[in-house]
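The values are calculated or read from the model by the stated rules, or taken from the named source; none is laboratory data. Keep in mind the model is a prediction, meaning the values are calculated, not measured. With ideal geometry, Cβ positions are generated from the backbone for all residues, glycine too; neighbour counts draw on all protein chains shown.
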Amino acid sequence: MPARARTATAMAFRDQLRRPLVLVLMMIVPAYVITRSIAETLPTPRQIVLPGEIVVTTTMQDLHGAGMGGLVVAFVVALVGVFVMQSALEGDRRLVLAGFRPGETVLARLLVLICATALVVAVSVLVTALNFSAASWPPVIGALVLIGLIYGAIGALAGAVLDKLAATYLILFLVFTDLGVVQNPMFHTTPGRFADLLPGYGPSRVMYDGAFSAEFHAGSDLLLGLGWLVVLGLAVFFVQRRAVRAAT
Amino acid sequence: MSEALPISTAFVREHLRAPLTLALLVAIPVFFVLIFASVLGDFAEALGGTLASQSATAISAGWAAAFLSGTLAFFQISSSRGADRRLALAGLGPVRVALSRIVAALAIGLTVSAVAFLTLWIRSGIGHPFHAAVAIFTFAAIYIGIGALIGAFVKGQLEGSLLVVLIFSVDAFSGPQMTSNGLVAVTPTRNAANLLIAAGGGQGSPGGDWIGAAAVALAALAVALAAFWFAARTRL
């Protein structure tokens with residue numbers, strides 16, 4: 001990594017670390033929501049269909065345990081994406097004027113977003129594990145990371161092109177539609193007809209597969225999620241680079 | 001007040017100048033009531049609540065009004081602190097700036113509540129429409145207070161938004177629609193939720209719930225006014 005990119009990255013992290021309330025809330029929000037949602041849910045029996053047409057009988061409580069992590073990770077990381085990129089638009093333009101390449105400043109902000117995802121996922125996994133036993137944790141953790149990165153990228157895009165209020169409302173709308181309702185097996189035995197058009201489809205199928213099956217059946221869903229991540233990641237890089245450069 | 005009203009109109013325009021914001025202010029309450037509410041009956045049952053589906057549907061309208069109004073009030077203070085101080089210094093004074101802000105917040109809160117109420121009425125029918133309308137607007141008024149209070153003391157927009165989300169989550173998970181646990185009966189929208197649940201189920205509400213909801217809403221608006229004044233006052 002060139003010296004300028006290292007400096008931009010160090011400054012981007014320092015920018016976040018000087019606001020300890022953000023870090024505290026990034027841990028408290030997932031911890032509270034996951035713990036409370038599992039604790040409040042009754043173990044009512046529920047049958048769902050996993051990838052590979054595997055039929056599993058579980059409970060509403062376990063479904064809440066398996067799925068709430070994804071919802072909270074998506075919402076929190078998407079909000080981080082909105083505001084990290086909005087502050088980048090203000091500060092990084094000056095860095096570009098001072099001689100930094102636009103790509104270097106965007107890379108620094110993306111690294112902050114990746115670390116934020118890692119933190120929120122780590123807290124979510126820890127809290128979920130205290131209340132719920134997944135059949136296989138690696139797919140669950142991988143899916144949560146994928147959900148965080150996909151929604152972090154969506155938040156970053158929203159932050160780059162929309163007003164803060166509109167971006168926040170859009171994130172709320174999208175996360176609850178996609179992960180809260182359409183992909184949620186508490187409401188549908190299998191996701192509906194157009195569920196696979198939404199970004200949360202692939203990773204949430206991987207997540208529920210790992211939560212309720214010791215064998216992995218969601219290879220194509222994983223690829224779909226990775227595809228969304230690559231497309232959105234590239235979109236964020238180019239949109240943000242253009243936005244930072246446009247002001248110079 | 002006559003001086004504050006044009007400023008309030010300008011404050012409303014300031015937030016609604018992005019067409020997507022306006023579209024989402026209408027779409028989210030409709031979405032919450034139509035889509036989320038269609039599954040909320042089963043959801044509330046699984047969470048140990050005792051709500052009928054119609055009452056669970058009604059509560060989704062209150063949630064939508066609450067979250068949208070709380071977020072809006074937070075951003076009103078957070079995004080406009082500098083401009084409001086300049087307006088106050090230019091002769092409007094912090095009290096009139098605060099009055100203008102709260103009138104703008106209430107106007108948008110009323111619009112969101114009206115959309116949520118109409119969607120609910122058309123979708124499910126409401127046994128006591130007037131009670132439901134008041135209850136939904138009470139949700140909005142309470143969250144205007146919460147959002148403004150957070151905005152007055154938390155400068156960072158990310159941490160402020162996350163705080164609104166956290167308080168909303170605590171409130172929603174502790175409300176009568178989600179739990180029968182009486183130990184958590186001190187959440188801000190509890191009385192408003194009782195009113196809305198009763199109205200959704202076609203029943204009236206006891207006087208205690210009306211007094212409680214009105215007291216919390218008025219206290220929240222007083223807090224919001226103080227928060228808007230605090231943000232607009234001159235620092236020496």
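How many residues are within 30 Å of A:Ala211 (Cβ to Cβ) and at pLDDT below 85 if we restrict to the stretch A:68-105? Talk me through it step by step, then tell me what you get.
So the first thing to find is which residues in the stretch A:68-105 are within 30 Å of A:Ala211 (Cβ to Cβ), and the list is A:68-82, A:84.
Those left that are additionally at pLDDT below 85: A:84.
Adding up the residues that qualify gives 1.
Among the residues of the stretch A:183-205, which ones are away from chain B (no Cβ under 13 Å) and in contact with a strand residue (DSSP E or B) (Cβ under 7 Å, 6 or more places away or on another chain)?
A:Thr190
Looking at the stretch B:118-158, which of its residues are of a type in the set (Ser, Thr, Tyr) and farther than 20 Å from B:Arg101 by Cα? Give the derivation first.
From the stretch B:118-158, those of a type in the set (Ser, Thr, Tyr) are B:119, B:124, B:138, B:143; that's our starting set.
Correct list: B:Thr119, B:Ser124.
Just one of (1) away from every other protein chain (no Cβ under 13 Å); (2) within 29 Å of B:Phe32 (Cα to Cα); (3) modelled with pLDDT of 95 or more; (4) out of contact with any Pro (no Cβ under 6 Å at 6 or more places or on another chain) trips up A:Ala122, so point out which.
(2)
For the stretch A:11-20, which positions are crowded, with 16+ Cβ neighbours inside 10 Å and within 10 Å of chain B (Cβ to nearest Cβ)?
First pass over the stretch A:11-20, keeping only residues crowded, with 16+ Cβ neighbours inside 10 Å: A:12, A:15-16.
The one that is crowded, with 16+ Cβ neighbours inside 10 Å and within 10 Å of chain B (Cβ to nearest Cβ): A:Gln16.
Check whether at least one residue in the stretch A:4-25 is part of a helix (DSSP H, G or I) and under 24 Å from A:Asn184 (Cβ atoms), and report yes or no.
Narrowing the stretch A:4-25 to residues part of a helix (DSSP H, G or I): A:4-17, A:20-25.
Right, trim to under 24 Å from A:Asn184 (Cβ atoms) and you get none.
So far as the stretch A:4-25 goes, no, none of its residues is part of a helix (DSSP H, G or I) and under 24 Å from A:Asn184 (Cβ atoms).
What number of residues within the stretch B:138-177 satisfy the criterion of being surrounded by fewer than 24 Cβ atoms within 10 Å (Cβ to Cβ) and aromatic (Phe, Trp, Tyr)?
The number of residues fulfilling the criteria is 3.
Which residue, of B:Ala98, B:Ala73, B:Ala56, is touching a Leu at 6+ places or on another chain (Cβ under 7 Å) and at pLDDT 85 or above? So that I can check it myself, show each step before the final result.
Values: B:Ala73 fails: touching a Leu at 6+ places or on another chain (Cβ under 7 Å); B:Ala56 fails: at pLDDT 85 or above.
Going through B:Ala98, B:Ala73, B:Ala56 in turn, the sole match is B:Ala98.
A:Ile48 is checked against (1) assigned to a helix (DSSP H, G or I); (2) within 14 Å of chain B (Cβ to nearest Cβ) and fails just one. What number does that condition carry?
Failing condition for A:Ile48: (1).
Quick one: is A:Gln86 polar (S, T, N, Q) and away from chain B (no Cβ under 12 Å)?
When the stated conditions are applied, A:Gln86 does not pass them.
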